[in-house]
Every structure is written in structure tokens, then in C-alpha cells.
Amino acid sequence: MHPAPTCPRCGDEVRAPGLWSSAWQCARHGSVAPYTVLHHTGPDAMEHIVARATVPVWLATGLPSGWVCSGFAYAGDERTGARATVTAMSGPSPLGGPADLLVIAEEPGIGLGARHGGLSEPDPGEGFGRGTADAKIFVDSHPTALWSVPVGPELAGFLGEAQAQWLWLLVWPAAAGVLMYDEIHLTDLRDHTGTREVGFGSISPRLSQLPAKLGA
């Protein structure tokens, strides 16, 4: 059994589709794509999310030694498929201590990246992406620009676009955001089924936790 789904924007309970609506409902945000954290890691969890995904399922490589995959989550249901996906990675921070990275692909308007970043609006808003990019990674071997976004105080947030979807990279603690200046590569697990030789660790609590809201 997986944990009960929650609102991808605020983490509140959601009501399943019924007589009056074919969509899941949040009391605060109306119709939403329900957010589910898979209760286990490993190849089975990877296959589970890949089979449902309508957006990329990103796996990060190029991280320092000791980093492992620490879980998957998604927003969507059996009717819509996974319209947002999250891959968690965990390992040692370059500055010492443990660190966590969430890599999120989502359709505009889902709000999952904003939820994990502590933002109130589902998308970055007007003006995003202007000026010089703050970091660059490789997405399926293509250089991809990322801009820093103002997220909650305990983490660092970077946002870009890939395959016409939002691409969020959120790092805890904030100081571990220096990882974004390494040569990180993202691979879409839907297309690269051979990229499965990855170490797995315990499920990251970041997949379920709600960070402090920006400005709170």
C-alpha cells in the first residue's frame, strides 16, 4: 500500500473522484493531480513510476561518490498518468554532512516543484529566465540552463525547462547548492532503460516533508 495521496500544492488531504467530479479535489486548490510517494525504493519502484509517467523521470549522474537514489514520487492518477515526477537523490554534501536533491519534472500549473520549494504559486511567474543563467547541467547530453529561484530558507532551488516541461532541482541544505556547479547529467529513464545500474538507499524524508514557506 502507498500512503494516501495529498494535494501537490499544499500537502492537504484530497478527495477522490466521485459523482460530481472526475478529478481529485483539494479544499483549497480545487481540481488537482494527487501526489503519491512510493513507499519503497529500488528497481520495482523505478519501473512503477516509469510505466505511469507522461513527463520525464530524471535520474541524476555526475554527483560525488556516495550518492544514491532515495525514492520516487509522482502527481497524477490512473486516468491521467503521472503528470509530475520526483526523483530523490541523497549523499554527502561537498561541504560536509548529508545532503538531499529532488529532481522534478512537471507540467505547468501542477505546483509540485513550488510545494517542495516552499513557494505559494504553482509556477515561477512572469520574468523567469531573464538574464544570465546561474548554472548549467546536461539533460540527455544537451546543455541546459538553470536559474536560481527564491525558495525556502533551508534549501537552494534551481529551475529550467526540458522537453517542454518545468525542471526543478532542489537541494538541502542550501549550502549544498554548490553541487549545481559540478557536471551533472540528467537521463530520462523512460527512454534509457539501460540506465538502471544505480545504487538505492533509504527513502528520503524530503519527498513527504513540507518546507517552511518563503517569507514565513
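The values are calculated or read from the model by the stated rules, or taken from the named source; none is laboratory data. Fair warning: this is a prediction, and the values are worked out from it, not measured in the lab. Backbone-built Cβ (ideal geometry, glycine too); neighbour counts: all protein chains shown. For the accessible areas, the whole protein counts, side chains as well, though only heavy atoms, and no ligand, DNA or RNA atoms are used. Shrake-Rupley method; radii C 1.70, N 1.55, O 1.52, S 1.80 Å.
Worth a mention:
- Remark on the stretch 83-132: Rg and Dmax equal 13.6, 36 Å (Cα only).
- Residues with amide H under 5 Å from that of ARG190, placed H, sequence gap 5 or more: VAL57
- Gaussian network model of the chain, Cα within-10 Å springs - most flexible of SER31, SER93, SER22: SER22
- Antiparallel DSSP beta bridges within the chain, as percent of all bridges there, nearest 5: 95
- Couplings 3J(HN,Hα) for the stretch 64-70, derived from phi with the Karplus relation 6.51 cos²θ - 1.76 cosθ + 1.60 (θ = phi - 60°), are x, 4, x, 7, 9, 7, 10 Hz, where x marks Gly and Pro.
- Using C-alpha pairs below 8 Å separated by at least 6 residues, the relative contact order for the stretch 3-75 is 30 percent.
- Under a Gaussian network description of the chain, with springs only between Cα atoms under 10 Å, the residue in GLY160, GLY199, GLY71 that fluctuates furthest is GLY199.
- Accessible surface of the chain [probe 1.4 Å, protein heavy atoms]: carbon and sulfur percent: 53
- The spacing between the stretch 88-141 and the stretch 19-55, judged by their C-alpha centroids, is 19 Å.
- Spacing of the two label points (7 Å from each Cα toward its C-beta) at ASP12 and SER148, in nm: 3.3
- Between LEU95 and ALA174, the simple label model (points 7 Å from Cα in the Cβ direction) yields a spacing of 0.9 nm.
- Each residue of the stretch 178-184 is assigned a 3J(HN,Hα), and the resulting list reads 4, 4, 5, 9, 8, 8, 8 Hz, derived from the Karplus form 6.51 cos²θ - 1.76 cosθ + 1.60 (θ = phi - 60°), x at Gly and Pro.
- Accessible area of the stretch 88-174 divided out per residue, in Å², using a probe of 1.4 angstrom: 39
- Residue (of PRO43, PRO143, GLY81) at the positive-pole extreme of the chain, dipole from beta-carbon charges: GLY81
- Highest-first arrangement of 176-187, 101-112, where packing means the average Cβ count within 10 Å: 101-112, 176-187
- Compared with the dominant principal axis of the Cα atoms in the chain, helix 43-52 is inclined by about 60°.
- FRET efficiency for the pair THR61 and GLU121, taken as 1/(1 + (r/R0)^6) with r the Cβ-Cβ distance and R0 = 30 Å, rounds to 0.45.
- For q = 0.09, 0.15, 0.17 Å⁻¹, Debye-computed log10 I/I(0) when each Cα of the stretch 78-216 counts as one equal scatterer: -0.26, -0.75, -0.99
- Based on DSSP H segments of at least four residues, each scored -39500 (n - 2.57), the chain has a per-residue ellipticity at 222 nm of -2000 deg cm²/dmol.
- Cα-based equivalent ellipsoid of the stretch 1-114: semi-axis lengths in Å, sorted from largest, via gyration tensor: 28, 14, 12
- Each residue of the stretch 144-158 was assigned a 3J(HN,Hα) from its phi angle through the Karplus expression (A = 6.51, B = -1.76, C = 1.60, θ = phi - 60°), giving 9, 7, 10, 10, 5, 10, x, 10, x, x, 9, 9, 10, x, 9 Hz with x at Gly and Pro.
- The chain: relative contact order in percent, alpha carbon pairs under 8 Å with at least 6 residues between: 22
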